Amino acid sequence: MLRRRILLVEDDRSTREAMAHLLRYLGLEVRACPDAEIARRVVVTYVPDIALLDIDLPGMHGDDFAAFLQQCCPSTRIIFVSAEDGPNGAERFGRNVTFMPKPVNFPVLLDRLQN
């Protein structure tokens with residue numbers, strides 16, 4: 001697997017820790033955040049190749065954070081990972097955004113991280 005910088009924004013602690021652990025085990029560089037406000041501060045110095053975002057986040061909603069991320073880090077690919085149906089108005093995010101339902105199918109996620 002290629003070395004990738006991953007921003008993981010997930011409010012559920014156990015899910016966030018498990019996903020971060022697995023991704024690090026696979027050799028990925030991961031910054032894990034419990035909400036979008038903390039993630040906003042992280043991207044000041046850490047520009048991710050890929051952002052794994054929950055949609056239903058406390059404070060700033062995942063849709064809004066994705067829009068912010070596209071402004072400050074336009075090369076970052078966004079993968080929404082959520083139990084919700086998908087981002088509202090998904091077409092506004094363009095081709096660089098995909099959606100994966102929870103529970104996460106890790107082989108599919110790993111394939112999307114590689115491609």
Region 23-37, residues that are under 18 Å from S82 (Cβ atoms), of a type in the set (A, V, I, L, M, F, W, C) and not in a strand (DSSP E or B): L23, A36
In region 67-89, the residues that are modelled with pLDDT of 90 or more and within 22 Å of N105 (Cα to Cα): T76, R77, I78, I79
Residue list for region 22-36, restricted to those being at pLDDT below 95 and out of contact with any strand residue (DSSP E or B) (no Cβ under 6 Å at 6 or more places or on another chain): L22, Y25, L26, G27
Residue count, region 4-22 (criterion: part of a loop (DSSP other than H, G, I, E, B) and surrounded by fewer than 21 Cβ atoms within 10 Å (Cβ to Cβ)): 3
Residues being closer than 20 Å to L110 by Cβ and either in a loop (DSSP other than H, G, I, E, B) or out of contact with any strand residue (DSSP E or B) (no Cβ under 9 Å at 6 or more places or on another chain) (or both) - total across region 38-59: 3
Residues located in region 35-68, provided they are buried (at least 22 other Cβ atoms within 10 Å of the Cβ) and closer than 13 Å to I6 by Cβ: A39, P48, A51, L52, L53
Options R5, R16, R31, R41: the member that is in contact with a helix residue (DSSP H, G or I) (Cβ under 6 Å, 6 or more places away or on another chain) and of a type in the set (K, R): R31
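The values are calculated or read from the model by the stated rules, or taken from the named source; none is laboratory data. The shown structure was predicted, so the numbers you read here are calculated from the model rather than taken from an experiment. Cβ coordinates were reconstructed from backbone atoms using ideal geometry, including for glycine residues, and neighbour counts include every protein chain displayed.
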